Structure formats: structure tokens, C-alpha cells
């Protein structure tokens, strides 16, 4: 629960950073001064700071009026005019607020997800398994098929029901390796159905993904997730060591 609170108040902590500067130890001098950012580079960096703050605020689902209040808090903190103490009492109030907003977001996700699952199951070539996984082959592979104990290499893109990408090894340009029994159940089951060289779409109900709690702030509770996965290779698990040998 503490980690959730830290995520939720990240933006508020940024607002108080300016006031805390005088309490920090003096920084160790750098070996060389960093290159000064140009106007365009500085704008890009500051915009990225804003995007980072925005991600920390996602659990709140802020209205325009609420966003204006948050912006005022950031401005007051940066300029040293903040009157609100970031103490334990305030932290509890923020925690209550984020819990309320997360619960509301999870309920919205459930409604959207149920409808999405129905449509996905009705698509041509889709197969719904006993766990709720909806599997659709996009390209049949010709290589071996992994066991749950194998380590696999894949490229993938994960999207929400509205099509927004939340994670993608393809965009990063770097495939990932992982033990097939060390990921969410939807992946363990779905990738085990594939052969090397194949591609598939896995539609994962929240029950075999991140559940009712989600993975805040990136993935809300009850989120139905879709992954397009390409199986690039298998590193088979070593044979069990026989006792006494």
C-alpha cells in the first residue's frame, strides 16, 4: 500500500521539492560541466518532465477544474509559496483519494473489458480457452513449440481495449527473453501454443493478467490487455539432474 501512495503523490512531492532544497547536502562537484541545452532541447526536456508528472496523475482521472488545482499546487511549491504541509495527515487524505479514483477506474475498465472480450471472441480464427484467453494465430510458425519450463525470446506489443500502446519491445527495438512460467498466466498459456517463427494475438482477461488491482499507475484494475506476440526463439530448460549422478 505504501508503494501505491508513493506513486499517487509523486506530483505533489515534486511541488515540494523546491522547499526541500536547503535541507539537502551539497552535491559532489562533477568532473566536467554538462553541456548546456539549446532552446529546443530544453523545451523537449521540460515537456518530458511534464509528461512524467502526468503519468503519476493518471490514477486520479482529474477533471479540468481538479487539474487546475494540482497545477496551482505545483506552481506554489516551485515558487516557495506552498502553505500545505506534505505530512502524514496529508498523505492519508491523498491515499484515500487515489483509492477512490482507482476503484472507479477499475469499474469502468470492467464494463469496457467485458464488451471487448465478446467482440474478440467472435473474430474469425479466434479460439477462447477454458481460462478465458482468446487466442488468434496471425502467422503459423514452423519451428519447435515451447514448454512452460522453457525460456523464450519474443517481440511484442501490448495495447489497451481502446488501442493505446502501453508497452512494446518492437518500439524499443529490443526483443525480450524470459522464462515462460515466470510471466502472467495469459502469456504462459498463449505463448506455449505458438511455434518459433509464428505470430499470435493474445487477448487477456484481467483474471489471467493483472487482476482487479492492476499495476498502477500504468495498468488499471480489471484491464483487459491485448498482446501481439512474435516467438523468435526458445532456450529449452536443461534436463532434470538425476539423483546420485
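From the set of residues in the range 80-90 that are more than 28 Å from the chain's Cα centre (by Cα) and at pLDDT 80 or above, which is nearest to residue 69 (Cα to Cα)?
81
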In the range 168-177, the residues that are at negative phi and without any contact (Cβ under 8 Å) to a residue 40 or more places away in the chain
168, 169, 170, 171, 172, 174, 176
When only residues in the range 91-114 that are over 15 Å from residue 220 (Cβ atoms) and touching a residue at least 24 places away in the same chain (Cβ under 8 Å) count, which is farthest from the chain's Cα centre (by Cα)?
91
For the range 178-200, what are the residues that are in contact with a helix residue (DSSP H, G or I) (Cβ under 9 Å, 6 or more places away or on another chain) and either part of a loop (DSSP other than H, G, I, E, B) or touching a residue at least 60 places away in the same chain (Cβ under 8 Å) (or both)?
183, 184, 189, 192, 200
By residue number, the members of the range 68-88 that are touching a helix residue (DSSP H, G or I) at 6+ places or on another chain (Cβ under 8 Å) and surrounded by 13 or more Cβ atoms within 10 Å (Cβ to Cβ) are 70, 73, 74, 76, 77, 78, 82, 86
Does residue 77 satisfy the condition of being modelled with pLDDT of 80 or more, at negative phi and more than 21 Å from the chain's Cα centre (by Cα)?
yes
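What do you reckon, is residue 128 surrounded by 13 or more Cβ atoms within 10 Å (Cβ to Cβ), under 27 Å from residue 212 (Cα atoms), assigned by TED's automatic domain parsing to the domain that holds residue 225 and modelled with pLDDT under 95?
Spelling it out, it is not the case that residue 128 is surrounded by 13 or more Cβ atoms within 10 Å (Cβ to Cβ), under 27 Å from residue 212 (Cα atoms), assigned by TED's automatic domain parsing to the domain that holds residue 225 and modelled with pLDDT under 95.
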Which of the following residues is part of a loop (DSSP other than H, G, I, E, B) and in contact (Cβ under 8 Å) with a residue 60 or more places away in the chain: 203, 154, 161?
161
Per the filter on the range 22-66, residues farther than 30 Å from residue 99 by Cα, part of a helix (DSSP H, G or I) and either at pLDDT below 80 or in contact with a helix residue (DSSP H, G or I) (Cβ under 7 Å, 6 or more places away or on another chain) (or both) are 22, 23
Among what's in the range 122-135 and is under 19 Å from residue 206 (Cβ atoms) and in a strand (DSSP E or B), pick the residue that is farthest from the chain's Cα centre (by Cα).
128
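The values are calculated or read from the model by the stated rules, or taken from the named source; none is laboratory data. For clarity, every value in this text was computed on a predicted model and none was experimentally measured. As a convention, Cβ positions derive from the backbone with ideal geometry for all residues, glycine included, and neighbour counts pool all protein chains shown.
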